[in-house]
Structure formats: structure tokens, C-alpha cells
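The values are calculated or read from the model by the stated rules, or taken from the named source; none is laboratory data. Values in this document were obtained by computation on a predicted structure and should not be read as measured data. Reconstructed Cβ throughout: ideal geometry from the backbone, glycine too, with neighbour counts over all protein chains shown. To get the accessible areas, we keep the full protein, side chains included, count just its heavy atoms, and leave off ligands, DNA and RNA. Shrake-Rupley method; radii C 1.70, N 1.55, O 1.52, S 1.80 Å.
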Amino acid sequence: MTGPTSLVALGAAVAAFAAGSSGAQSLPPVRPLGPVLSTSVEPMAAVSQVRALPGGRVIVNDNAGRRLLLFDSTLTTFRVIADTTTATTYAYGATLGGLIAYRGDSSLFIDPRLMSMYVIDPNGKLGRTMAAPQASEVSFLIGGPYGTPGFDAQGRLVYKARVGGFGRIIPPPQPGKPPPPDIPDSGMVVRFSLATRAVDTVAKFVIPSYVSHTSVGENRWVTNVRILNPIPWTDDWAMLSNGTIAIVHGQEYRVDFFDATGKVSGTSKIPFDWQRLSDDDKSALIDSTQAALDKAAIERGDPTPEVRRSDSLRTVRRMAAPEQTMAPRVPGTTGGRMMNLTSITQFVPLNEMPDYRPPFRQAAARGDEDGNLWIRTSKMVNGGAVYDVINGKGILIDRIQVPPGRVIAGFGPGGVVYMGVLDGTVARLERARVRPATHP
């Protein structure tokens with residue numbers, strides 16, 4: 001976790017940059033994305049990934065609905081490739097699956113439960129099966145918070161793995177023993193050879209994590225306190241259409257490019273509309289984050305925020321016990337060990353939050369079909385997210401605003417953009433195209 005001293009130095013550096021040091025690049029105006037050309041008729045539970053095919057066809061991974069669909073160019077007709085019914089020859093499974101562009105116009109469907117990768121031909125037919133990478137990393141192939149996996153020009157599978165963990169478990173202090181070492185918060189991009197199954201680490205970068213304090217009271221009641229930073233600094237990654245790997249650094253907002261040989265080329269800082277955060281702004285961010293967590297908990301059927309806060313008052317007094325003994329198994333049960341558990345979410349102090357709003361959050365970067373890097377920034381215009389478009393040389397060439405409520409799920413050639421949007425309680429896929437830039 002970043003300390004107050006380093007944050008002061010970082011704030012001063014960002015302030016100097018925001019005050020006028022924008023490097024050689026200029027800040028393009030924000031332009032709206034072109035009009036929506038087509039919208040899917042079939043309702044879905046989610047639009048997590050898309051795979052553009054020749055003729056405007058597209059495969060959609062509806063992971064929340066456990067379906068894999070092939071749409072025609074108008075998005076009005078579709079065929080089910082995989083689902084959870086007996087109507088198809090392949091069951092999607094009970095876990096989230098992934099969709100990855102493979103050789104030519106073929107694709108891979110990732111089944112983490114079976115540790116398998118199924119080849120999908122350009123007509124949407126499931127074919128041969130390949131073994132996925134090692135079990136501890138197969139879940140990173142489903143995309144989402146892990147970025148968008150893909151294959152480079154040498155046929156190596158590129159994806160994000162993890163160093164350490166998203167959470168750091170801090171046990172109670174032990175008398176006479178030093179505190180546990182601080183585990184760095186980092187991820188890494190690797191290249192995996194399907195032929196030799198050798199793994200090559202390309203780069204490491206910063207990822208956000210949370211701190212978890214665990215204690216056990218005198219009545220063996222376990223209390224877990226999770227400490228979050230609602231706007232942590234983070235890095236991100238993406239692979240461009242030519243196989244180049246981009247690492248985007250959040251604190252400096254610049255990009256490092258790694259070619260097929262591992263050679264790295266850096267860029268100057270990318271210009272950005274840095275927004276300074278006052279203590280009132282930070283408090284408002286904490287309140288909105290807590291409200292979102294409460295809403296999600298209620299939707300899951302968890303206890304209401306009032307019940308959790310009342311329970312926290314009763315259990316917080318029991319957080320100083322030195323041991324970490326789980327409560328014994330309840331008599332008469334046949335399962336493993338049971339424990340009484342209370343989870344409490346807290347937030348870092350205001351002085352440990354960034355003094356400037358980070359330019360992006362995790363899983364914000366992805367490559368399009370035309371060799372550019374798109375980054376979903378923290379800037380919003382009229383309720384729509386603004387994407388920075390950076391070319392292969394690290395130059396900011398465009399800033400595109402998508403309509404409100406949309407998130408880019410993938411790209412097609414020639415400036416085609418696929419977006420997921422919620423329509424009431426269902427999700428739909430939209431196709432649009434970037435407007436040609438007009439020059440004065």
C-alpha cells in the first residue's frame with residue numbers, strides 16, 4: 001500500500017505535469033462515437049466478449065447466461081454454439097468461460113472447469129480440444145478483470161498471470177516475532193507456447209489489492225476486516241493486433257511496448273485532464289463505494305447494511321485475540337469445519353488515497369483490429385465514458401466518447417466497435433463505427 005510520503009511526492013509530480021508539462025503530445029478534443037448501426041434482438045444476460053468474423057458476423061460470450069452465440073451481420077438472427085440445455089451438442093458448464101481469437105478466423109472457447117480449450121471454426125462449429133495452461137492460471141483466460149488474452153504472431157498464448165494475490169491477509173501480531181513481509185502488489189503478462197508448454201514472462205506491472213485483517217474472539221468468533229482503497233493507482237495491459245504487448249502505467253500515464261523478442265520501447269507521458277481531489281471529493285467517493293457494496297450485498301440476499309453495522313459494533317471489541325483458531329465443527333454436521341464469521345469493510349484514510357483521480361481503472365485497456373490501443377479513462381462526458389485511442393507509436397490520436405451506459409466489448413476491422421448495454425434487465429450487443437476525423 002502506498003504511504004503518505006510517496007503520495008505527497010507523487011501528487012507534486014502530477015501537479016507539475018497537470019500545470020503545463022504535457023510533453024510533445026497535444027490533447028485531442030473528445031469526439032462522439034458514430035451512431036449505432038445495429039442492435040441484437042436476442043436478449044442476453046451479459047456481453048462479456050465478442051469475436052468479429054468475416055462478413056460482419058460475430059460470436060458473443062454471454063458468460064452470465066452460460067451461452068455462446070453466433071450472430072449474423074445484422075445481429076437479428078443467431079445460432080447457439082454452446083449453452084446449458086440439451087439442445088446443443090456441447091454444454092457451457094456451470095463456471096464462467098472465455099472466448100479468445102485464434103488462428104485465422106477460428107476461435108477458442110475456454111472451459112476452466114474441464115481445463116480445456118475448444119477450437120471453434122469460422123462457421124461456429126466446435127472442433128478439437130486442447131489442454132489449457134496449468135490449473136492455477138486457467139481462470140485468467142476468461143477475460144474481464146484479467147484483460148483480453150490473445151495469440152501473438154508466433155502462435156503463443158498471451159495472458160495476464162498474477163504475482164502474489166489480490167488480497168493480503170495480515171494475521172494478528174505474534175509476541176516476539178517480526179511482522180510478516182510486505183507482499184508486492186503486481187501482475188505479469190506471460191506468453192505460453194502450446195507446442196512446448198513453455199512460459200515466458202514479458203513484463204510485470206502494478207495491480208491494486210486490498211488488505212485483510214483477521215482476528216478471533218474469546219468465543220471463537222472470527223472477524224475479517226477488509227480495507228479498501230476506492231480509487232487505487234493501477235497499471236494495465238493489452239495486446240495490439242500485430243502481437244505487440246502494451247503495458248500502461250497509471251501513475252505516470254505512459255505506455256511501454258514489448259515486441260515479439262521482448263524488446264521494449266517507451267513513450268512520453270500521455271496528456272490527460274488531471275482532476276485534483278479534495279478531502280470532500282475523497283469522502284464522497286468512499287460513500288458512493290459503500291453504497292454500491294451495500295446494494296450488491298442486498299441483491300445477493302446478504303444481511304442489510306444496518307444489520308452488518310450493528311453486528312460490527314458487537315464484534316469489533318473482539319478483534320485483539322492473538323490466536324487464529326476456527327470454531328469447531330457443529331455437532332451433527334458431516335462437512336468440514338464451520339466457523340462464525342463477520343466480515344467488515346473499511347476504507348483507507350483520506351491521506352492514503354490519491355490526490356488526483358487516476359486516469360483509468362483495472363481492465364481498461366484493449367487493442368482494436370487496426371493496431372491501436374484503447375483505454376477507458378475515468379473521464380466522463382454527458383454520462384458517457386471517454387476512451388483514449390493511442391497508436392502503435394504511443395501517440396494519443398483520438399478521444400472517443402461512447403453513449404451512456406455502454407462499455408466496449410470488442411472491435412471489428414475498419415473502425416467497427418462492439419458495445420454491451422443493459423436494456424432494462426437484459427443485455428444487448430450494439431455495433432457502431434468510429435466517425436472519420438475532421439480536420440480544420
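Okay, here's what the table says:
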quantity: Identity of the residue in the stretch 92-116, modelled with pLDDT under 90, under 15 Å from Asp62 (Cβ atoms) and out of contact with any strand residue (DSSP E or B) (no Cβ under 7 Å at 6 or more places or on another chain), that ends up most open to solvent (accessible area, probe 1.4 Å); calculated: Ala94
quantity: Which numbered condition Thr89 fails, given (1) assigned to a loop (DSSP other than H, G, I, E, B); (2) more than 25 Å from the chain's Cα centre (by Cα); (3) within 24 Å of Met188 (Cα to Cα); calculated: (3)
quantity: Residue count for the stretch 275-312, restricted to those that are at pLDDT below 75 and open to solvent by less than 50 Å² (accessible area, probe 1.4 Å); calculated: 3
quantity: Among (1) open to solvent by less than 40 Å² (accessible area, probe 1.4 Å); (2) outside any strand (DSSP E or B) - the single one Ala437 does not satisfy; calculated: (1)
quantity: Criterion violated by Gly187 - all others in (1) under 27 Å from Asp368 (Cβ atoms); (2) at pLDDT 90 or above satisfied; calculated: (2)
quantity: Selection from the stretch 354-397 of residues that are aliphatic (A, V, I, L, M) and within 24 Å of Gly150 (Cβ to Cβ); calculated: Ala363, Ala364, Ala365, Leu373, Ile375, Ala385, Val389, Ile390, Ile395, Leu396, Ile397
quantity: Enumeration of residues in the stretch 136-148 that are part of a loop (DSSP other than H, G, I, E, B) and either open to solvent by 10 Å² or more (accessible area, probe 1.4 Å) or among the aliphatic types (A, V, I, L, M) (or both); calculated: Ser136, Glu137, Thr148
quantity: Strands (runs of 3 or more DSSP E) contained in the stretch 193-241 and holding at least 1 residues free of Cβ contacts under 8 Å to residues at least 60 places away in the same chain, touching a helix residue (DSSP H, G or I) at 6+ places or on another chain (Cβ under 8 Å) and open to solvent by 60 Å² or more (accessible area, probe 1.4 Å); calculated: none
quantity: Selection within the stretch 398-440 - over 17 Å from Ser241 (Cα atoms) and β-branched (Val, Ile, Thr); calculated: Ile400, Val402, Val407, Val421, Thr425, Val426, Val434, Thr438
quantity: Test: residue in the stretch 126-146 that is basic (Lys, Arg) and within 21 Å of the chain's Cα centre (by Cα); calculated: no
quantity: Pairs where the first residue, in the stretch 380-403, is under 9 Å from Val30 (Cβ atoms) and the second is among the small types (Gly, Ala, Ser) and modelled with pLDDT of 95 or more, C-beta under 9 Å, 6+ apart; calculated: Val386/Ser378; Gln401/Gly384; Gln401/Ala385
